[in-house]
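Below is one structure; the comments refer to it alone.
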Ligand code: ADP
Ligand code: MG
């Protein structure tokens with residue numbers, strides 16, 4: 001009988017230790033927890049990988065935000081979206097997207113029309129996402145004559161444009177998504193870092209360095225180069241993203257607004273690094289259309305850096321990226337400009 005309380009005293013510290021370990025384990029697991037999510041939205045494959053106490057909750061909010069932004073605002077196909085309604089009614093109020101449209105207009109002007117968000121009907125003729133085909137010259141000419149951001153009037157929170165013109169956020173929607181995620185979810189706190197990828201547009205968030213791969217144009221997997229970057233947005237426009245072949249020729253989805261045909265300037269992809277999601281996305285498309293020299297000038301005018309890859313396997317990166325780009329494929333050469 002006398003022995004019992006003594007045994008209990010020996011056990012007590014161990015029980016306390018186990019309870020502390022379990023409590024700390026749960027706390028540490030939550031505090032430094034990691035969660036990944038994959039989903040399909042904006043007509044592309046999306047992922048989010050988040051570290052921190054609220055990782056799972058944050059990832060679910062990211063998925064919800066992107067799906068809602070696509071369905072309610074940016075989609076050209078969804079009959080209940082803002083952009084669908086604007087295209088049906090040749091304009092209307094644009095409160096939620098006014099600031100974004102102003103950025104789009106500015107880059108449109110600064111790129112001499114290389115970035116043109118009014119090519120919706122031209123993209124429809126090519127039908128890259130459905131039943132792709134080379135359109136007839138007459139049809140292309142007719143549709144092209146109705147396009148042009150100079151025909152879009154933005155005034156007092158509303159937009160208006162003529163019949164035959166259709167707004168297309170395809171070259172900037174994913175970047176807008178990244179800005180919305182950063183401002184409305186990640187900046188709220190509760191996480192250490194997050195990497196969100198909406199197709200070719202990536203948000204790197206957190207107080208650390210990240211390594212991002214630039215896809216090998218010749219294979220679905222693998223990288224030709226890697227970039228070492230702090231928190232920022234990185235977008236890539238490539239001629240391998242969406243294309244079809246007819247009579248041995250490749251037709252891809254980045255269009256030259258002057259001709260209505262896919263850009264054919266020897267570039268394979270352009271990657272742009274920016275603090276802003278919309279700018280990285282817009283500029284990657286604009287720089288692809290403009291080509292190396294003019295594209296590089298446009299990117300630096302906006303304080304952005306860029307990496308151009310051409311079909312001679314030459315990678316040209318902004319000088320400011322020296323020391324941050326690493327080549328990852330023997331057959332490619334790297335230079336800075
Ligand atoms: P991805 O959609 O593969 O990320 P981009 O960001 O370059 O590639 O956007 C290409 C999309 O933008 C096309 O599918 C089309 O909807 C639209 N687009 C094509 N050419 C242009 C252009 N010159 N200016 C603006 N938008 C364009
Ligand atoms: Mg783009």
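The values are calculated or read from the model by the stated rules, or taken from the named source; none is laboratory data. Remember, predicted model here, so these are calculated numbers, not experimental data. For neighbour counting, all protein chains shown are included, and Cβ atoms are generated from backbone atoms with ideal geometry for every residue, glycine included.
Mind telling me which of the residues 198, 203 ends up being within 15 Å of ligand 2 (Cβ to nearest atom), within 15 Å of the chain's Cα centre (by Cα), over 19 Å from residue 76 (Cβ atoms) and surrounded by 23 or more Cβ atoms within 10 Å (Cβ to Cβ)?
The unique qualifying residue is 203.
Looking at this structure, is residue 284 touching a helix residue (DSSP H, G or I) at 6+ places or on another chain (Cβ under 8 Å), under 19 Å from residue 176 (Cβ atoms), in contact (Cβ under 8 Å) with a residue 40 or more places away in the chain and within 16 Å of ligand 2 (Cβ to nearest atom)?
No; evaluated as a whole, the condition is false for this residue.
Within the stretch 293-320, restricting attention to residues that are within 16 Å of ligand 1 (Cβ to nearest atom) and outside any strand (DSSP E or B), which residue is surrounded by the fewest Cβ atoms within 10 Å (Cβ to Cβ)?
Out of the qualifying residues, it is 294.
Report yes if residue 129 is at pLDDT 95 or above and within 11 Å of ligand 1 (Cβ to nearest atom), otherwise no.
No.
Conditions first: (1) touching a helix residue (DSSP H, G or I) at 6+ places or on another chain (Cβ under 8 Å); (2) near ligand 2 (Cβ under 10 Å from one of its atoms). Residue 274 passes all but one, so which condition is the exception?
(2)
When you scan the stretch 76-85, how many residues do you find that are in contact with a helix residue (DSSP H, G or I) (Cβ under 9 Å, 6 or more places away or on another chain), within 18 Å of residue 164 (Cα to Cα) and surrounded by 14 or more Cβ atoms within 10 Å (Cβ to Cβ)?
So the answer is 3.
For the stretch 188-204, give me each residue that is farther than 16 Å from residue 230 by Cα and not in a strand (DSSP E or B).
188, 189, 190, 191, 199, 200
For residues that are within 16 Å of ligand 2 (Cβ to nearest atom) and assigned to a helix (DSSP H, G or I), scanning just the stretch 143-174, find the one that is surrounded by the most Cβ atoms within 10 Å (Cβ to Cβ).
If we take residues in the stretch 143-174 being within 16 Å of ligand 2 (Cβ to nearest atom) and assigned to a helix (DSSP H, G or I), then 174 is surrounded by the most Cβ atoms within 10 Å (Cβ to Cβ).
Given (1) away from ligand 2 (no atom under 16 Å from the Cβ); (2) in a loop (DSSP other than H, G, I, E, B); (3) touching a strand residue (DSSP E or B) at 6+ places or on another chain (Cβ under 9 Å); (4) closer than 30 Å to residue 60 by Cα, identify the lone condition not met by residue 130.
For residue 130, the failing item is (3).
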